[in-house]
Amino acid sequence: MSTPFVVAKFGGTSVANYESIVKCADIVKANSDIKVIVVSAQSMVTNNLEKITKSSIRPINYEQVLLEIRNITFDIAHKLGKNINISKKINRFFDDLSTLSKISSRMYNEQLNDEIISFGERISAVLTSEIFLNLGINVEHIDARKIIKTSKHHGRAKPDLEKILQKTKDIVLPCLKKNKIILLEGFIGSNSKGATTVLGRGGSDYTAALISEAISAKHLMIWTDVTGVYETDPRIIKRAKVIDRLSFNEASELSVFGAKVLHASTLMPAIRKKMKIFVGSTFSPSKGGSWIVPEEDQKHAPIARGIALRSNQTLITLESIGMFPNLLSKIFNTFSELDINFDIVTVSEFKMALVLNQPSMDDLTKEELFSALSKHGKVKIKFEEKLSLIALIGNNLHLQKGIGNKLFNSVKNYNLRLFCHGASDHNICIVLHKKDEELAINDIYQCFF
């Protein structure tokens, strides 16, 4: 049974500056059902913090990077006027961050990385809550690390659903009963020892979904800088339309294969609770957006729903004469041990091809992978980069006669490196050279939409 509460998550562009945060406040004021707010770090802050975490491997002037973050932060803080309390809090953050950055420049440590990266959301939450209070919103900031309990794995921790539910009952629900609006950091949590952890990229959406599940929210609202989920990237296809209503399966496929509006893991708590998700623009709330709904609420779903794109993919081809079937489990285990993800695999008698969604796969990672795979015997390994994966997303594609032929015809002018259909009835995937991605998407869109 759901509660009347709504959870609202505001992304990095939505809290990028003082004026944007005021727009967030306007949305909260306009909807009295919003009782929990989750915020991301200010736009570009997490990217800069990640540079600091890698400074022992790729040396940088971390003081200059800290100055860039400080400028973003104090540009917002100064709009609050002479607020001594906020200035003290922010300066304390930067004192701690400076000390940790100095250590990070000398050693690489995953626990330290999570602690450094967490500062983006922690600073954002303090600034946003103070602005909301100044604008008359009865908000209370609660450190998300008290609520979002996770595994011990740093970098991409897994949430402990049982503990999150208990902490929500103990800490969040009593505040809601006092008619307070709760504001939490997205993306961050803590493990059983109290150490800071992060949920990985897209983690703020995930935090919002986990909290929504824990309080049995009526629905979840994701506020970003675009007016909902588009049929495809509107920067490539300017006539692409917003999808008013789509199912969990459709949204999941779009997010897995590159649509950047929603992170795939966000959908899992919503699916478990059969809870609707709204995606809309902080800057144009009156334009509406997209509702993501359970399958049973999605009537007359179209055959083709959207086109997703993932650029900068790596195709790895493995070849072993005579002994390949025995190698499969070892190869999969190797990728798992190195924490390298792949989601498309094709196999023949002597060859195997895998698509890696590793946009930042550097020479170090490649060398490590090559070395680990070479231990399994005489395996020829080939890396192909500067590729793109395009996925046609739809419904019951496996039942549609001639749809493969239709897709092939639309991309007949391009050299396809891989074609995959059959594992899911919601997608057909092709891999081609990155230089052809925009032209190919135009041709596919013209054919199906």
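The values are calculated or read from the model by the stated rules, or taken from the named source; none is laboratory data. The model shown is predicted, which means the values in this text are computed figures rather than measured ones. Cβ placement follows ideal geometry from the backbone for every residue including glycine, while neighbour counts extend to all protein chains displayed.
A few remarks follow.
- Some residue of segment 174-185 being within 16 Å of the chain's Cα centre (by Cα), closer than 19 Å to SER118 by Cβ and either of a type in the set (A, V, I, L, M, F, W, C) or part of a helix (DSSP H, G or I) (or both): no
- Some residue of segment 119-137 being closer than 18 Å to ARG201 by Cβ and not in a helix (DSSP H, G or I): no
- Of the numbered criteria (1) surrounded by 20 or more Cβ atoms within 10 Å (Cβ to Cβ); (2) touching a His at 6+ places or on another chain (Cβ under 8 Å); (3) not aliphatic (A, V, I, L, M), the one SER290 fails is (2).
- Residue check for ASN405: surrounded by fewer than 16 Cβ atoms within 10 Å (Cβ to Cβ) and in contact with a Cys (Cβ under 8 Å, 6 or more places away or on another chain): no
- Matching strands (runs of 3 or more DSSP E) fully within segment 192-286 where at least 3 residues are buried (at least 18 other Cβ atoms within 10 Å of the Cβ) and touching a strand residue (DSSP E or B) at 6+ places or on another chain (Cβ under 7 Å): 196-198, 219-224, 276-281
- Flag if PHE408 is farther than 16 Å from THR317 by Cα, of a type in the set (Phe, Trp, Tyr) and outside the structural domain of VAL256 (by TED's automatic domain parsing): yes
- Residue in segment 91-107 that is surrounded by the most Cβ atoms within 10 Å (Cβ to Cβ), counting only those that are within 12 Å of GLU63 (Cα to Cα) and of a type in the set (A, V, I, L, M, F, W, C): LEU97
- The lone exception for ALA144 - which of (1) farther than 29 Å from LEU67 by Cβ; (2) modelled with pLDDT of 95 or more; (3) surrounded by 15 or more Cβ atoms within 10 Å (Cβ to Cβ) it fails: (1)
- Taking every residue in segment 76-102 that is within 21 Å of ASN48 (Cα to Cα) and pairing it with any residue that is aromatic (Phe, Trp, Tyr) and assigned to a helix (DSSP H, G or I), at least 6 positions away or on another chain, the pairs with Cβ-Cβ distances below 8 Å are ILE76/TYR18; ILE90/PHE74; PHE93/PHE119; ASP96/PHE119; LEU97/PHE119; SER101/TYR62; LYS102/TYR62.
- For beta carbons closer than 8 Å, sequence separation of 6+ or different chains, a first residue in segment 137-159 that is closer than 25 Å to ASN31 by Cβ and a second that is of a type in the set (Ser, Thr, Tyr), the qualifying pairs are VAL139/SER129; GLU140/SER129; HIS141/SER129; ALA144/THR207; ILE147/THR168; ILE148/SER190; ILE148/THR207.
- Some residue of segment 167-175 being hydrophobic (A, V, I, L, M, F, W, C), surrounded by fewer than 21 Cβ atoms within 10 Å (Cβ to Cβ) and under 18 Å from PRO4 (Cβ atoms): yes
- Flag for GLU385 being buried (at least 16 other Cβ atoms within 10 Å of the Cβ), of a type in the set (Asp, Glu), more than 20 Å from ALA251 (Cβ to Cβ) and touching a strand residue (DSSP E or B) at 6+ places or on another chain (Cβ under 7 Å): no
- Some residue of segment 38-61 being under 25 Å from LEU199 (Cβ atoms) and part of a strand (DSSP E or B): yes
- Every residue from segment 395-410 that is within 31 Å of the chain's Cα centre (by Cα) and in a loop (DSSP other than H, G, I, E, B): ASN395, ASN396
- Among the residues making up segment 362-412, those that are at pLDDT 85 or above and among the small types (Gly, Ala, Ser) are SER388, ALA391, GLY394, GLY402, GLY404, SER410.
- Looking at ILE215, ILE148, ILE182, ILE164, just one residue is assigned by TED's automatic domain parsing to the domain that holds SER124, under 19 Å from GLY120 (Cβ atoms) and not charged (D, E, K, R), and that residue is ILE148.
- GLY280 vs. criteria within 21 Å of SER20 (Cβ to Cβ) and either at pLDDT below 95 or among the aliphatic types (A, V, I, L, M) (or both): no
- Taken over segment 64-90, the residue count meeting the criterion of being surrounded by fewer than 13 Cβ atoms within 10 Å (Cβ to Cβ), over 16 Å from MET44 (Cα atoms) and not small (Gly, Ala, Ser) is 4.
- Residue count for segment 425-437 satisfying the condition of being under 22 Å from the mean Cα position of the chain (by Cα) and assigned to a loop (DSSP other than H, G, I, E, B): 1.
- Only one of the numbered conditions (1) touching a residue at least 12 places away in the same chain (Cβ under 8 Å); (2) assigned to a loop (DSSP other than H, G, I, E, B) is violated by ARG70, and that is (2).
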